[in-house]
Structures are given as C-alpha cells and as structure tokens.
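Novice: Sharing a structure with you now.
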Amino acid sequence: MTRRAVIVGAGGMGKAWGHNLAKHPDVEVAGWVDLDAARATEAVTEVGLVGIEVGTDLGRLLADTRPDFVVDVTVPEAHRDVTVQSLEAGCPILGEKPMALTMAHAKDMVAASERTGLLYMVSQSRRYNADMVVYRDLARQIGALGVLNVDFYLGPHFGGFRDEMASPLVADMAIHTFDQARFLSGRDAVSVYAEEFNPGWSWMAGDANATCLFEMEGGLRFTYRGSWVAEGCNTSWEGEWRACGSMGSAKWDGHQSFAAEVTDGDEGFFRPHRELPVPAHPDSFKSGIEGSLAEFLIALDGGPKPQGECHDNIQSLAMVCAAIESARRKERVLIAEMLA
C-alpha cells in the first residue's frame, strides 16, 4: 500500500528525510513545505522529486494534497504548531527530535494525539543502531544494573540555530543519549541533579557542557558527562558507555568495540572474571531514520506501537527539561514535576 507524505522543513535534515522517503517503495512524497519557498524548491530538486506541490502554507498544502502522513523536520520551536495542525487536519505525524523545547508544548502535542486518535511518533533515530542493540543485549547479561555511565565529547561547528540556543547540548543533543539510557536500561528517570556551563573558548552562545546525575527506576544511577565544544580525542556520536551490574560490567565505545566480564568465582581480593561473548548483530536491521520510518509505517498499518510514540517519548523529553531546570535552580528536580 502506497502512502502519500508531506515534508515540513527543507533544511539539512529535511533533505535527509526527503531522500529517505523518496527511496521507500511504499511512500509517495506529495508535497514539501518551508517558510522559504525557494529553499523547498531547491530541496525537491536535490532529492530528485518531480511534480510535487511546494508551498509555505502547511494548512493549504495539506488540504490540496490530502497526505496520509506528515514528516516534521522543522526547528524545535515550530514542532508544536506543525504537529497540532497536522493532527487536527487528520494526518498522523512523524517528527524529528526533540519533541519540543518545553514540557507545556509537549503536553499540547500529546493531547492533540489523544484528541484526534492519531499516531504521533518522534524519530529517536539512535534507537535504530545495531551496535546499540548489541550492547543492550550484552548488558542484560551482567545482572541487575546499578550504574550506567556515558561520556559524550564532540566539537561540531554547526552554525545556525544551535549556536544561539540557551542549552544546545542538553536541549538538542542529549535527548538522544537520555533516550538511549532508557532504551538500554528499560527504566524511566525519577530525578536529576545537573550542571550546565560554557567554557571560555566556546563558539556557542549557550551552555555547551553538562554533567547530569539521574536516578532511574529501581535505584539505577545514570551519569552523563558531555561537551559539544570539545576539540580532539572525540567520542562517537553514540558516546562511550559503561554499565555495572550485580555480576559484572559491560563497555561500549560507541563504535563496534564491546567488552563485558562477569564474576567467575567467589574468592580472592579481586574476584576472578570471565569474558562474555559479544552477541550477534540483529538481522535485516534498518538504521537511523530509515528504521524510524519503517516502524512508523508498520504502526500505521495496524502494527505494534512504535518506539518514540509520543506518550513514551515525553519521558525522554522530561529528562531534558528536568536537567535544564536542575541546572537553573542548582538543586535536584523530580521528573514527575515535569510530567505533572
């Protein structure tokens, strides 16, 4: 069954989504919306689409093209308006992360999904990483998790809206890592104590560094250390992970290097350990935004609730908003306060 899609947003990620949708055998791109019509036309040409409607008015384009779903790749500030408008026009929506920049906006979006009965899914593309699935399966073998740590150190020179955000690392990027922690542990966050800061050499206006200590369900502590202005010795975009459980520990460098050891005896100053074999990569795995789209389309066809469905993804956004609030207040903040 071919489904018609409208793309909203023609920036770099918009074009990436355009290519993703254009190559899918069961998707037809019916239209592209951007505040700058020339940019949308340029994106259509670059992706190689022919005969689709381009415009700056989302409502008019939805009425003209009558799509089966919308893909929102606008800047985060616009996510609420695009999502609510699309849902109220009868269109399920697949949106880029973060869901929103505020919990108030996110709650409006979830309410619109409930009110219309239509699917709203956030594309947390890093859930669709075969190496992360391998690490999750490895970490499940080290006993009850008590500690989960990640380091994230990169120095991208984006330009554009990220360089002007108040909390560029936590608000725009850490949503991925916080969501990964939920995926890896199978637990939601309970509270956080966080600090944000900006070193003197930073090329970003807002706080590009953060340290966050989350308490997760079951007493697990998740620690995040990150910088988006770190030159040299960079981690991967997935970060560098260590998990400690009741039986041992597991590490992942964010690429394809894994290690896990569990206890192999109960005597000695340091207990003996044995290395665990690394699980096989999953078969037929769709990565990144291709994986997001595949799950979304399956859900539209009556399949299971996809990862990133708004009622679940708001838990990851609550971690972001609570961390920013904790840094502002300089005190521990409960996740429930964000969700109330």
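Novice: With the requirement that a residue be of a type in the set (A, V, I, L, M) and either under 18 Å from the mean Cα position of the chain (by Cα) or not assigned by TED's automatic domain parsing to the domain that holds residue 251 (or both), what does the range 129-147 give you?
Specialist: Within the range 129-147, 130, 132, 133 qualify.
Novice: Another question, then. From (1) surrounded by 13 or more Cβ atoms within 10 Å (Cβ to Cβ); (2) in contact with an Asp or Glu (Cβ under 7 Å, 6 or more places away or on another chain), pick out the condition that doesn't hold for residue 274.
Specialist: Tallying (1) surrounded by 13 or more Cβ atoms within 10 Å (Cβ to Cβ); (2) in contact with an Asp or Glu (Cβ under 7 Å, 6 or more places away or on another chain), residue 274 fails exactly one: (1).
Novice: Out of the residues in the range 169-188 that are touching a strand residue (DSSP E or B) at 6+ places or on another chain (Cβ under 7 Å) and among the β-branched types (Val, Ile, Thr), state the one that is nearest to residue 254 (Cα to Cα).
Specialist: Only one residue fits best here, namely 177.
For every residue, the table says whether it meets (1) assigned to a strand (DSSP E or B); (2) modelled with pLDDT under 95.
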{"site": "214", "(1), (2)": "yes, no"}
{"site": "218", "(1), (2)": "no, no"}
{"site": "235", "(1), (2)": "no, no"}
{"site": "254", "(1), (2)": "no, no"}
{"site": "283", "(1), (2)": "no, yes"}
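Novice: Only one residue in 34, 57, 81 is over 27 Å from residue 302 (Cβ atoms) and under 22 Å from the mean Cα position of the chain (by Cα). Which one?
Specialist: 81
Novice: Identify all residues within the range 15-45 that are part of a helix (DSSP H, G or I) and farther than 22 Å from residue 287 by Cβ; write none if there are none.
Specialist: Those that are part of a helix (DSSP H, G or I) and farther than 22 Å from residue 287 by Cβ: 37, 38, 39, 40, 41, 42, 43, 44, 45.
Novice: Working only within the range 48-67, note down all residues that are among the hydroxyl-bearing types (Ser, Thr, Tyr) and surrounded by fewer than 16 Cβ atoms within 10 Å (Cβ to Cβ).
Specialist: The answer is 56, and nothing else.
Novice: Which of the residues that make up the range 68-77 are assigned to a helix (DSSP H, G or I) and surrounded by 17 or more Cβ atoms within 10 Å (Cβ to Cβ)?
Specialist: If the condition is that a residue be assigned to a helix (DSSP H, G or I) and surrounded by 17 or more Cβ atoms within 10 Å (Cβ to Cβ), then 76 is the only one that fits.
Novice: Check residue 245 against each of (1) buried (at least 19 other Cβ atoms within 10 Å of the Cβ); (2) within 22 Å of residue 318 (Cβ to Cβ); (3) at pLDDT 95 or above and name the one condition it does not meet.
Specialist: Residue 245 satisfies every listed condition except (2).
Novice: Could you tell me which of the residues 298, 289 is surrounded by fewer than 18 Cβ atoms within 10 Å (Cβ to Cβ), aliphatic (A, V, I, L, M) and assigned to a helix (DSSP H, G or I)?
Specialist: Only one candidate passes the filter, namely 298.
Novice: Being of a type in the set (D, E, K, R) and either surrounded by 18 or more Cβ atoms within 10 Å (Cβ to Cβ) or not in a helix (DSSP H, G or I) (or both) is the requirement here; does residue 337 meet it?
Specialist: no
Novice: Pairs, please: C-beta under 6 Å, at least 6 apart or cross-chain, first residue crowded, with 22+ Cβ neighbours inside 10 Å and in the range 127-140, second of a type in the set (Ser, Thr, Tyr)?
Specialist: Pairs found: 128/287.
The values are calculated or read from the model by the stated rules, or taken from the named source; none is laboratory data. Quick caveat, the model's predicted, so the values are computed rather than measured. Note: ideal-geometry Cβ built from the backbone for every residue, glycine included; neighbour counts use all protein chains shown.
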